[in-house]
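Enquirer: Dumping the structure here so I can ask a few things about it.
The values are calculated or read from the model by the stated rules, or taken from the named source; none is laboratory data. Remember, it's a predicted structure, so these values are computed and weren't measured experimentally. Cβ atoms come from the backbone with ideal geometry, glycine included; neighbour counts cover every protein chain shown. Protein only, heavy atoms only, side chains kept; ligands, DNA and RNA dropped before computing areas. Shrake-Rupley method; radii C 1.70, N 1.55, O 1.52, S 1.80 Å.
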Amino acid sequence: MESKRDGGGSRAGTVAMAVGFFVWYTCSNWVSALTYGASFSFWWLNKSGAVVIVTVLACVVLWRVPVPRRVGRALDWAFAAVYAGSFIVLSGGAGLLEPLGDVVGLLLFAAAQTWMVARWGLCYARSSTDDVTRALLLAIALVAAVKCVTTFLPEAATMALMLALPFLSMGMLALRQRNAGGERPAERWFARSSLPSFGRIVAAVAVFFFIWSILNMTLKYGTGHYSFGTAATPLYTLLSQIILFAFCAFVYVWVFARRRHLDITVVWRFTYVLMALALFMLTAFGMAQFIQAFTGAAVVVAKMFLWLGLANVAHHGPFKPFMVFLPGMLLYSLPDWLGRSAASFLGLESLNPAIASFLLVVAVVMVAFFLPSRSPDVQRLLSDLNDEGRRAIGDGDGIDERCRAVGERRGLSPREIEIMQYLCKGRSRPYIAETLYLSENTVRTHSRRIYGKLDVHNKQELLDLVRGE
């Protein structure tokens, strides 16, 4: 009976986290649609710029001023009302003259969204990587499903939905906090010294959002937005959602059915490939509609894995969760601000084929030279996905001594014992190769020899053998 209650609580918590990401993404895109015209009229005025400014201020304030639990819960509902109120102001309901109305609305929106990210970041950081991944896959499916529906809804109906979503998010946050009993402590993998090792993938993430922002502004196809009227082509909007559904199904089967590892750099390559395909179709055949379909899907996946990576760093690091999520969201907001401002300042209301070709070259360079990251800290990201608590023996369990004893008794060489120790700690082959300055093929060869000498066939049998010792 107790296990059923725990399972129900876990599923409720996963659904709650899914709604948290879904509301953040949906409301953010709705505000982009509301302020699309103002962004071209005033190059400095866009929602990501407001989010950057408020995020920096929020980090300073939250670092110095602790928020008691009861106060935090009251502020949740207050900021939900601010969030909904910002939609009314940005839609012209407050009767303020432009650009004053847009400035006020964007600042209100940025304050409420920043608070939402900080609060949800705490829940994501306390949850296992498995739960966060399931929640985000469900969130993507929700985004795709709602996008299919709202594409054909009148603006007034969509507006009513948007006004309700902030309150739904805060209600789900309260539910998640009540069902927090399944949270578990995590092994510390990351420290402040780990941050420089993320340099290349951080650059790849920032460049992706910068390119996407320019495409989003210049092509006027409502990429990634809940669109007004005929601003987007329904057929290609639906194609974008089909790509998302297929991606969710593949990742779920790959990770949770087949129990395979998910390399975060491979996912970012996938987002770049979608963008490159869209740019190629544009430059080669003039098919701008594919920008909407492919980049609309790519940006949802990109934002999901940005959240997943931040949650993993916060879960396995000593940092305060808001100091991971809020600066981490600048990886999206700051490039988006710069891209929108550049497109508006330069008057790029249509995408020149030369510019599209240049962006395509940039995308190829990022995939070729920045995303194949062998940094040990990057390789640790998501390495505990679907481990079911059996993936590795902790550093404090005498693993090195156990492996050395087994290896010496079974005739393993010193190098093979060293690699065996890393394997039993759950380290990936790229991580071992990077740490020991070996090629991955050499590590793979040593692994086969270790398995042969110990008469085991996979890592779990290796762990069981060492545990038995």
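Enquirer: When you scan the stretch 92-109, do you find a residue that is under 29 Å from Phe319 (Cβ atoms), open to solvent by 10 Å² or more (accessible area, probe 1.4 Å) and part of a helix (DSSP H, G or I), even just one? Before you say what the answer is, go through the steps one by one.
Expert: Filtering the stretch 92-109 for residues under 29 Å from Phe319 (Cβ atoms) gives 106-109.
If we keep only those that are open to solvent by 10 Å² or more (accessible area, probe 1.4 Å) as well, we get 107-108.
Next, from what is left, pick out any that are part of a helix (DSSP H, G or I): 107-108.
Yes, because at least one residue in the stretch 92-109 is under 29 Å from Phe319 (Cβ atoms), open to solvent by 10 Å² or more (accessible area, probe 1.4 Å) and part of a helix (DSSP H, G or I).
Enquirer: If you don't mind, there's one more thing I want to ask. In this structure, does Val143 turn out to be closer than 27 Å to Met323 by Cα, within 22 Å of the chain's Cα centre (by Cα) and either modelled with pLDDT of 90 or more or assigned to a helix (DSSP H, G or I) (or both)?
Expert: yes
Enquirer: Check Tyr272 against each of (1) free of Cβ contacts under 8 Å to residues at least 12 places away in the same chain; (2) open to solvent by less than 60 Å² (accessible area, probe 1.4 Å) and name the one condition it does not meet.
Expert: (1)
Enquirer: Restricting attention to the stretch 233-258, report how many residues are in a loop (DSSP other than H, G, I, E, B) and touching a residue at least 60 places away in the same chain (Cβ under 8 Å). Lay out the reasoning, then the answer.
Expert: In the first step, residues of the stretch 233-258 are kept if they are in a loop (DSSP other than H, G, I, E, B); the result is 233, 258.
Going one step further and asking which of them are touching a residue at least 60 places away in the same chain (Cβ under 8 Å), we end up with none.
Here the count works out to 0.
Residues checked against (1) more than 20 Å from the chain's Cα centre (by Cα); (2) over 18 Å from Ala139 (Cβ atoms):
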| site | (1), (2) |
| --- | --- |
| Tyr252 | no, no |
| Leu262 | no, no |
| Val273 | no, yes |
| Leu277 | yes, yes |
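Enquirer: How do the pairs read when you match residues in the stretch 196-208 that are closer than 24 Å to Phe358 by Cβ with residues anywhere that are of a type in the set (A, V, I, L, M) and not in a helix (DSSP H, G or I), using Cβ under 8 Å and keeping only pairs 6 or more apart or on different chains?
Expert: Within 8 Å, the pairs are Arg200/Leu371; Ile201/Leu371; Ala204/Leu371.
Enquirer: Identify all residues within the stretch 182-214 that are part of a helix (DSSP H, G or I), at pLDDT below 85 and buried (at least 17 other Cβ atoms within 10 Å of the Cβ); write none if there are none.
Expert: Ser194, Ser197
Enquirer: Could we say that Thr442 is modelled with pLDDT under 80 and either in a helix (DSSP H, G or I) or touching a strand residue (DSSP E or B) at 6+ places or on another chain (Cβ under 6 Å) (or both) here? Walk me through how you get there before you give the answer.
Expert: Numbers: modelled with pLDDT under 80: no; either in a helix (DSSP H, G or I) or touching a strand residue (DSSP E or B) at 6+ places or on another chain (Cβ under 6 Å) (or both): yes.
No, not satisfied.
Enquirer: Something else now. If you take the residues in the stretch 408-430 that are part of a helix (DSSP H, G or I) and open to solvent by less than 20 Å² (accessible area, probe 1.4 Å), which one is nearest to Asp263 (Cα to Cα)? Give the derivation first.
Expert: Step one: of the stretch 408-430, the residues part of a helix (DSSP H, G or I) are 408-410, 414-424, 429-430.
Filter once more, keeping what is open to solvent by less than 20 Å² (accessible area, probe 1.4 Å): 416-417, 419-420, 423-424.
Values: Glu416: 25, Ile417: 26, Ile419: 21, Met420: 21, Leu423: 17, Cys424: 19 Å.
So, considering only residues that are part of a helix (DSSP H, G or I) and open to solvent by less than 20 Å² (accessible area, probe 1.4 Å), the one nearest to Asp263 (Cα to Cα) is Leu423.
Enquirer: Conditions: (1) in contact with a Ser or Thr (Cβ under 9 Å, 6 or more places away or on another chain); (2) in a helix (DSSP H, G or I); (3) not polar (S, T, N, Q). His261 meets all but one. Number of the miss?
Expert: Checking His261 against (1) in contact with a Ser or Thr (Cβ under 9 Å, 6 or more places away or on another chain); (2) in a helix (DSSP H, G or I); (3) not polar (S, T, N, Q), the one that fails is (2).
Enquirer: Which of the residues that make up the stretch 150-161 are within 20 Å of Leu238 (Cα to Cα), aliphatic (A, V, I, L, M) and surrounded by 14 or more Cβ atoms within 10 Å (Cβ to Cβ)? Quick ask: steps written out before the conclusion?
Expert: To start, the set of residues in the stretch 150-161 that are within 20 Å of Leu238 (Cα to Cα) comprises 150-155, 157-158, 161.
Now narrow it down to the ones that are aliphatic (A, V, I, L, M): 153, 157, 161.
Of everything in the stretch 150-161, those that are within 20 Å of Leu238 (Cα to Cα), aliphatic (A, V, I, L, M) and surrounded by 14 or more Cβ atoms within 10 Å (Cβ to Cβ) turn out to be Leu153, Leu161.
Enquirer: If I filter the stretch 333-356 for residues that are among the hydrophobic types (A, V, I, L, M, F, W, C), within 24 Å of Phe247 (Cα to Cα), open to solvent by 10 Å² or more (accessible area, probe 1.4 Å) and part of a helix (DSSP H, G or I), do I get at least one hit?
Expert: Here is the first cut: in the stretch 333-356, the ones among the hydrophobic types (A, V, I, L, M, F, W, C) are 334, 337-338, 342-343, 345-346, 348, 351, 354-356.
Add one more test, that the residue is within 24 Å of Phe247 (Cα to Cα), and what stays is none.
No, the conditions are met nowhere in the stretch 333-356.
Enquirer: Another question, then. With respect to Ile264, determine if the residue is open to solvent by less than 10 Å² (accessible area, probe 1.4 Å), farther than 24 Å from Asn352 by Cβ and of a type in the set (A, V, I, L, M, F, W, C). Spell out how you get there, then give the answer.
Expert: Details: open to solvent by less than 10 Å² (accessible area, probe 1.4 Å): yes; farther than 24 Å from Asn352 by Cβ: yes; of a type in the set (A, V, I, L, M, F, W, C): yes.
Judged against the criteria, Ile264 is a match.
Enquirer: Then there's this: Hey, could you check the stretch 32-48 for residues that are in a helix (DSSP H, G or I), touching a Ser or Thr at 6+ places or on another chain (Cβ under 7 Å) and open to solvent by less than 10 Å² (accessible area, probe 1.4 Å) and say which is farthest from Ala111 (Cα to Cα)? Lay out the reasoning, then the answer.
Expert: Quick first cut of the stretch 32-48, residues in a helix (DSSP H, G or I) only: 32-34, 36-41, 47-48.
Keeping just the survivors that are touching a Ser or Thr at 6+ places or on another chain (Cβ under 7 Å) gives 33-34, 39-40, 47-48.
Subsequent filtering for residues that are open to solvent by less than 10 Å² (accessible area, probe 1.4 Å) retains 39, 47-48.
On the way: Ser39: 19, Lys47: 11, Ser48: 12 Å.
This residue is Ser39.
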